[in-house]
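Colleague: What follows is a structure written as C-alpha coordinates; I'll ask about it next.
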Amino acid sequence: MKTKIAIAIEPELLTRIDRMAAKFDLSRSQLVGNLLSSGLDDAEALNAIGVINLIKSLVKFKDKLKSSVGLKDNVGRKFSKEPSLRKM
(Lines give C-alpha, C1' and ligand atoms only; values in the text may rest on other atoms or scores of the structure.)
Protein backbone atom coordinates (compact mmCIF):
# COMPACT_ATOMS: atom_id res chain seq x y z
CA MET A 1 0.00 0.00 0.00
CA LYS A 2 1.33 3.40 -0.95
CA THR A 3 1.37 6.38 1.40
CA LYS A 4 0.23 9.77 0.16
CA ILE A 5 2.40 12.79 0.93
CA ALA A 6 2.10 16.49 0.22
CA ILE A 7 4.98 18.59 -1.10
CA ALA A 8 5.33 22.21 -2.15
CA ILE A 9 7.22 22.93 -5.38
CA GLU A 10 7.71 25.86 -7.69
CA PRO A 11 5.13 26.22 -10.48
CA GLU A 12 7.84 25.96 -13.16
CA LEU A 13 8.96 22.61 -11.75
CA LEU A 14 5.39 21.32 -11.74
CA THR A 15 5.05 22.33 -15.39
CA ARG A 16 8.20 20.39 -16.24
CA ILE A 17 6.96 17.35 -14.31
CA ASP A 18 3.59 17.42 -16.07
CA ARG A 19 5.25 17.80 -19.47
CA MET A 20 7.58 14.85 -18.85
CA ALA A 21 4.78 12.69 -17.40
CA ALA A 22 2.74 13.28 -20.56
CA LYS A 23 5.68 12.29 -22.78
CA PHE A 24 6.05 9.00 -20.91
CA ASP A 25 2.29 8.47 -20.66
CA LEU A 26 2.51 8.39 -16.85
CA SER A 27 0.53 10.12 -14.17
CA ARG A 28 2.25 12.92 -12.28
CA SER A 29 2.38 10.67 -9.23
CA GLN A 30 3.97 7.78 -11.15
CA LEU A 31 6.65 10.02 -12.65
CA VAL A 32 7.51 11.70 -9.35
CA GLY A 33 7.64 8.30 -7.63
CA ASN A 34 9.98 6.96 -10.33
CA LEU A 35 12.21 10.04 -10.12
CA LEU A 36 12.38 9.88 -6.33
CA SER A 37 13.21 6.18 -6.38
CA SER A 38 15.92 6.63 -8.99
CA GLY A 39 17.39 9.68 -7.28
CA LEU A 40 17.40 7.95 -3.91
CA ASP A 41 19.11 4.89 -5.41
CA ASP A 42 21.81 7.17 -6.85
CA ALA A 43 22.24 9.05 -3.55
CA GLU A 44 22.55 5.80 -1.61
CA ALA A 45 25.17 4.50 -4.07
CA LEU A 46 27.17 7.74 -3.78
CA ASN A 47 26.91 7.56 0.00
CA ALA A 48 28.06 3.92 0.03
CA ILE A 49 31.31 4.82 -1.73
CA GLY A 50 31.91 7.91 0.40
CA VAL A 51 31.17 10.61 -2.14
CA ILE A 52 28.53 12.35 0.03
CA ASN A 53 30.93 12.79 2.95
CA LEU A 54 33.64 14.00 0.57
CA ILE A 55 31.32 16.64 -0.88
CA LYS A 56 30.26 17.78 2.60
CA SER A 57 33.92 18.11 3.61
CA LEU A 58 34.76 20.06 0.47
CA VAL A 59 31.85 22.47 1.01
CA LYS A 60 32.93 23.04 4.64
CA PHE A 61 36.52 23.61 3.54
CA LYS A 62 35.50 26.05 0.80
CA ASP A 63 33.25 28.01 3.16
CA LYS A 64 35.95 28.13 5.83
CA LEU A 65 38.52 29.29 3.31
CA LYS A 66 36.25 32.01 1.94
CA SER A 67 35.36 33.11 5.46
CA SER A 68 38.98 33.34 6.52
CA VAL A 69 39.87 35.63 3.63
CA GLY A 70 36.65 37.66 3.79
CA LEU A 71 35.25 36.60 0.43
CA LYS A 72 31.55 36.82 -0.36
CA ASP A 73 29.23 34.01 -1.42
CA ASN A 74 27.63 33.87 -4.86
CA VAL A 75 24.83 36.31 -3.91
CA GLY A 76 27.08 38.96 -2.42
CA ARG A 77 26.73 38.12 1.28
CA LYS A 78 29.83 37.96 3.37
CA PHE A 79 30.54 34.48 4.71
CA SER A 80 29.99 34.05 8.40
CA LYS A 81 32.81 32.85 10.66
CA GLU A 82 30.86 29.61 11.28
CA PRO A 83 30.27 28.03 7.88
CA SER A 84 27.00 26.16 7.56
CA LEU A 85 26.50 22.93 5.68
CA ARG A 86 24.55 23.46 2.51
CA LYS A 87 21.87 20.94 1.60
CA MET A 88 22.53 18.83 -1.40
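Colleague: Answer with yes or no whether I52 is surrounded by 10 or more Cβ atoms within 10 Å (Cβ to Cβ), assigned to a helix (DSSP H, G or I) and in contact (Cβ under 8 Å) with a residue 24 or more places away in the chain. If you could, list the steps in order and put the result at the bottom.
Modeller: On the way: surrounded by 10 or more Cβ atoms within 10 Å (Cβ to Cβ): yes; assigned to a helix (DSSP H, G or I): yes; in contact (Cβ under 8 Å) with a residue 24 or more places away in the chain: yes.
Spelling it out, I52 is indeed surrounded by 10 or more Cβ atoms within 10 Å (Cβ to Cβ), assigned to a helix (DSSP H, G or I) and in contact (Cβ under 8 Å) with a residue 24 or more places away in the chain.
Colleague: So which residues in the range 6-38 are among the small types (G, A, S) and surrounded by 13 or more Cβ atoms within 10 Å (Cβ to Cβ), if there are any at all? Can you show your working first?
Modeller: Step one: filter the range 6-38 for residues among the small types (G, A, S), giving 6, 8, 21-22, 27, 29, 33, 37-38.
Answer for the range 6-38, where residues must be among the small types (G, A, S) and surrounded by 13 or more Cβ atoms within 10 Å (Cβ to Cβ): A21, G33.
Colleague: Being touching a Phe, Trp or Tyr at 6+ places or on another chain (Cβ under 9 Å) and either modelled with pLDDT of 95 or more or not in a strand (DSSP E or B) (or both), is that true of even one residue in the range 12-30? Steps first, answer last, please.
Modeller: Keep residues of the range 12-30 that are touching a Phe, Trp or Tyr at 6+ places or on another chain (Cβ under 9 Å), which gives 30.
With the extra rule that they be either modelled with pLDDT of 95 or more or not in a strand (DSSP E or B) (or both), the set shrinks to 30.
Scanning the range 12-30 turns up at least one residue that is touching a Phe, Trp or Tyr at 6+ places or on another chain (Cβ under 9 Å) and either modelled with pLDDT of 95 or more or not in a strand (DSSP E or B) (or both).
The values are calculated or read from the model by the stated rules, or taken from the named source; none is laboratory data. The structure presented is a predicted model; accordingly, all values stated were derived computationally and were not measured. Cβ atoms come from the backbone with ideal geometry, glycine included; neighbour counts cover every protein chain shown.
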